1. Taking the residues in the range 110-146 that are within 16 Å of the ligand (Cβ to nearest atom) and β-branched (Val, Ile, Thr) as candidates, determine which candidate is farthest from Leu284 (Cα to Cα).
2. Quick one: in the range 21-54, which of the residues that are crowded, with 16+ Cβ neighbours inside 10 Å and of a type in the set (Ser, Thr, Tyr) is farthest from the chain's Cα centre (by Cα)?
3. Going through the range 265-317 one residue at a time, which ones are under 18 Å from the mean Cα position of the chain (by Cα) and of a type in the set (A, V, I, L, M)?
4. Looking only at the range 185-209, count every residue that is within 12 Å of the ligand (Cβ to nearest atom) and within 18 Å of Asp339 (Cβ to Cβ) and tell me the total.
5. Given the conditions (1) surrounded by fewer than 24 Cβ atoms within 10 Å (Cβ to Cβ); (2) assigned to a helix (DSSP H, G or I); (3) near the ligand (Cβ under 8 Å from one of its atoms), and given that Glu73 satisfies all but one, which numbered condition is not satisfied?
6. Take Ile298 and tell me if it is outside any strand (DSSP E or B), surrounded by fewer than 23 Cβ atoms within 10 Å (Cβ to Cβ) and not charged (D, E, K, R).
7. Going by what's in this entry, would Thr18 be described as hydroxyl-bearing (Ser, Thr, Tyr), within 12 Å of the ligand (Cβ to nearest atom) and surrounded by fewer than 24 Cβ atoms within 10 Å (Cβ to Cβ)?
8. Which of (1) assigned to a strand (DSSP E or B); (2) away from the ligand (no atom under 13 Å from the Cβ) is the odd one out, the single condition Arg306 does not satisfy?
Amino acid sequence: MTDYLDDPWRVSVDAFPTGDDWSEKALYLIACASLAPSGHNTQPWLFDIGDDWIDLYADRRRALPVIDPDDRELIMSCGAALGTLEIAARRFGYSPQVEFCDSGEDSDRLARVHLAPGEPADDEEQSFFAAITRRRTDRGPFRNSERIGPSLEACRSLAGRFGVDLKPVLAADTKQAIAELVGEANRLQFEDPRFRRELAAWIHSRRLGSRDGISGHALGMPDLLSPIGRLVVRTFDLGDGVAADDQRKIEEGSPALSVLSTHADERDAWLSSGRALARVLLHLTRDGLSHSYLNQPIEVDELRPRVAEAVDLKGHPQLLLRVGKAGQPKPSMRRPLADLIC
Ligand SMILES: Cc1cc2nc3c(=O)[nH]c(=O)nc-3n(C[C@H](O)[C@H](O)[C@H](O)COP(=O)(O)O)c2cc1C
C-alpha cells in the first residue's frame, strides 16, 4: 500500500493512510504533488513537514541556467507541485490555505500550505484528483475535438482565479505566426552549444534506472537509445530539423494553442502561473484532452514580446501549450519520496 513512497505514480485513493499519523498522510500528499510536470522533468522541489502544514522549497540545485536563467520555469514547476498538492489535500477533506513566503526572507522557501480539516470533496474535486495519475505531457500530434473550445473556456476561468490569463488560440493565421516564432526560437536555442549540453544532460533512460529527466521514449525514440539521443543532441545543431518538426506539429497536429500570461513578472506571478497550470492540465485531462508545451519563444528574451504581440496580450507570456485529442503515453519518471524531504 505504501509503494508510492518509492514510486509516486502508485498513489491511489485506497492507499491514503487512515491512521492517526499525520506525517504518513503528509508523505502521501507530497507523493501526489511530485506527479506535477516540471521543466525537463527536473522535479526541482523539496518539502518540509510541520505540525499541520507542509512547506514547499525550490531545489535550485536542479536549475536549468541556460534555458531558464532567472529560475522562472523552475518556480512555475514548483507552483504546479503546489497546485497538485492542494487538489490532493481537498480530495481527502482538508481545507488547504496557501501562504506565499516573503521572497526576501529565504528565497528558497516558497510557500506554506496549512492543512486544517474541511468539507468532504465534491464530485468535481474527486475528478480533478483522479486526473493526477492520468496526466501526461504528450509531444505527438493531436486530433481535433469539439470539446476543446468549451474546455479551454473553463480553463480560462480556472486560471483567472489565480490572476493568470489563459488565452485560447484557434485561428489558423495566429497559430501560423506562433509556429514561425517557435521555429526561430528552436534555431536560436540549438545553435548555442550550452543549450545543447544542458538539454542532453537531462535526457535519461528509465530502463537504465533514472528517476528524473526526459526519457528517449518521451522524445519519440526507444528508451534504451536515450544515451545515443543525448549524444546527438549534445553534438549536432538540430535546430532546423526541430523547427521543421514543430512547425508541422503546429500546422497539422495542434487543433488549439493557448498562452498563459500574468501582469507581473516576478516570483509570486510565476508561482501563481504554476498553480494555475496544475488546474488547467488536470481539467484538460479530465475532459479527455492532451497537452504539451512550445515554450521556446518565451524562453528567448528577444522573442518573448513578439509572442505577446502575436496573440494580442498586454501581460507577460509565461507558458505556451498545445491542446488536442490523442492516446495516453507512458508516465514519465519520478524520484522516490526520500529524495524530496528536507
Ligand atoms: C514550467 C514548465 C516548462 C516546460 N517546458 C517544456 C517545453 O518547453 N517542452 C516540452 O516538451 N516540455 C516542457 N515541459 C514538460 C516537461 O518536460 C514534463 O512535465 C516532464 O518531462 C515530466 O513529464 P510529464 O509532464 O508527462 O509528467 C515543461 C513543464 C513545465 C512545468
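Every read-out reported here was derived from the displayed coordinates using simple, explicitly stated rules and does not represent laboratory data. Just so we're clear, the structure is a prediction, and the values are computed from it rather than from any experiment. Because the Cβ atoms are built from the backbone with ideal geometry, glycine has one as well, and the counts that use them run over all protein chains shown.
1. Ranking the qualifying residues of the range 110-146, first place goes to Thr133.
2. Tyr28
3. Ala269, Leu271, Ala276, Leu277, Ala278, Val280, Leu281, Leu282, Leu284, Leu289, Leu294, Ile298
4. Of the residues in that region, 3 qualify.
5. The number of the failed condition is (1).
6. On the way: outside any strand (DSSP E or B): yes; surrounded by fewer than 23 Cβ atoms within 10 Å (Cβ to Cβ): no; not charged (D, E, K, R): yes.
Criteria not met by Ile298.
7. Details: hydroxyl-bearing (Ser, Thr, Tyr): yes; within 12 Å of the ligand (Cβ to nearest atom): no; surrounded by fewer than 24 Cβ atoms within 10 Å (Cβ to Cβ): yes.
Spelling it out, it is not the case that Thr18 is hydroxyl-bearing (Ser, Thr, Tyr), within 12 Å of the ligand (Cβ to nearest atom) and surrounded by fewer than 24 Cβ atoms within 10 Å (Cβ to Cβ).
8. (1)
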